[in-house]
Amino acid sequence: MSLNSALNSAVSGLRAQSSALSAISSNIANASTTGYKVEGVTFDSLVSASAATSTSLSSSDASTGDGVSTSTYRDMTSHGEVTSTTDSTNMAIDGTGFFVVSGSTTDVAPATDLYTRDGSFDTDGNGYLVNSSGDFLLGYATDASGAPTNASAGTLSGLQPVQIPTTTTVAATTTASMAANLPAGLAVGSSVTSSMEVVDSLGVTQTIGQTWTKTAANTWTLTLANPYSTDPSTSTGTISPSSITVNFDGNGVLTSTNPDPVSLTLSGMTSGAADSTFSLNLGTAGKTDGLTQYASSDSTNEISITSNTHDGSTAGSLSSVSVGDDGLITAKYSNNTSIIVAKVPVATFVNQQGLSQLSGSTFMASNNSGSAVLSSAGADGAGSIVGSALEASATDTATEFNKMIVAQQAYSAAAQVVTSVEKMFQTLIQTMG
């Protein structure tokens, strides 16, 4: 090897170790970055074409190198530790895969989709889930059971930004159900009372008084009072029909109601609400799933109510958000209602090492990575989603310090070679002079 070759090799070594130190520095600087993937450097020996192909040189001369080259990469297979947080909208993927995100809420074409392990999501001013990198989380809209409603579910084109409503819309009662026991020992002509609540079309809770009068053996008449909202003495509208007949057999089991089914209408509401109709489910004939007529457990022969429910909802404000390991995001509201907002899929790749880094912890698909495959969290090899958690940086500072020492020593050695070559050049020049 000539002095020039030695000098070039040494300089390439300086460059290579500088690149290594740069990667180490970046890894240490991102030791606290959520979902950060470690940057690495590979070293490749350079061999001159003449040396590699010459047949006249000895074997030792033919292997003479011309220094070293480097290339950088991201270790996409290494994952940081999943740690709990106090923010319920934070998410981490436990296993393989990425969240699908977009740089904006409007640019959601599949070709612009991005991928990240940074699950530091929180709601912005419009209720969208966005992480610390400014990327918006994408997911599938769902029905009440959590099943995606989009026909394109399972594909990138079916994704949309996840937005959590800050309030729930009002829903008038459409179905009310009641399960109770009417005291069999009550004398004919006597009555017991109860009440039920429903919601009108404006979201106002209306209370309806109920009077149960035993008119004959195994026969009762339910009389419904007009609704009120706050003051029982002031009605807020009318209810019709206001009288329902209920019949039992000799075993205290419901046999029929009249009318059947029971359909009730609220009208003339002083709140300004539109007329609304709802069904009242008092049980199934021949079964004990609703009303029954058995002896009372107390001496006063009162009605015993097991449940009294309805499906209406008043306006409510967001109180909490939860994320399931299946990727379902559920929002709960102050009116005790909850809705499944979206289902978040997990994206996997044939070659995740081939992803192109965009910035920070955000990546793009490339020809080397292949297209994203979307799976339900925890299925088909995709990792599960952990709510109220974040994935820590994959950086191991102890490992990085060890690599730093090696790089520093190699850099110093290469610098020493440069110094030695310089002295040899000076000797050569002096000799020739």
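Taken together, 149, 112 contain a single residue that is under 22 Å from residue 362 (Cβ atoms) and free of Cβ contacts under 8 Å to residues at least 24 places away in the same chain, which is 112. Across the range 191-237, the number of residues qualifying as among the aliphatic types (A, V, I, L, M), surrounded by 17 or more Cβ atoms within 10 Å (Cβ to Cβ) and within 44 Å of the chain's Cα centre (by Cα) comes to 5.
Listed by first and then second residue, the pairs with beta-carbon distance under 7 Å, at least 6 apart or on different chains, first residue in the range 181-206 and at positive phi, second hydroxyl-bearing (Ser, Thr, Tyr), are 203/314. In the set 60, 18, 56, only one residue is part of a helix (DSSP H, G or I), at pLDDT below 85 and surrounded by fewer than 18 Cβ atoms within 10 Å (Cβ to Cβ); that residue is 60.
Can you confirm whether the range 156-173 contains a residue that is in a loop (DSSP other than H, G, I, E, B) and free of Cβ contacts under 8 Å to residues at least 12 places away in the same chain? Within the range 156-173, not a single residue is in a loop (DSSP other than H, G, I, E, B) and free of Cβ contacts under 8 Å to residues at least 12 places away in the same chain. Is one or more of the residues making up the range 288-295 more than 45 Å from the chain's Cα centre (by Cα), of a type in the set (S, T, N, Q) and not in a loop (DSSP other than H, G, I, E, B)? Within the range 288-295, one or more residues are more than 45 Å from the chain's Cα centre (by Cα), of a type in the set (S, T, N, Q) and not in a loop (DSSP other than H, G, I, E, B). Assess whether residue 392 counts as being under 21 Å from residue 131 (Cα atoms) and touching a residue at least 40 places away in the same chain (Cβ under 8 Å). Criteria met by residue 392.
Out of curiosity, is residue 297 without any contact (Cβ under 8 Å) to a residue 12 or more places away in the chain and either surrounded by 14 or more Cβ atoms within 10 Å (Cβ to Cβ) or within 24 Å of residue 183 (Cβ to Cβ) (or both)? Yes. Taking residue 133 as the residue in question, decide whether it is of a type in the set (S, T, N, Q), in the same structural domain as residue 333 (by TED's automatic domain parsing), within 30 Å of residue 76 (Cβ to Cβ) and part of a loop (DSSP other than H, G, I, E, B). Judged against the criteria, residue 133 is a match.
The values are calculated or read from the model by the stated rules, or taken from the named source; none is laboratory data. Being a predicted model, the structure only gives us computed values, none of them experimental. Cβ: placed from backbone, ideal geometry, glycine included. Neighbour counts: every protein chain shown.
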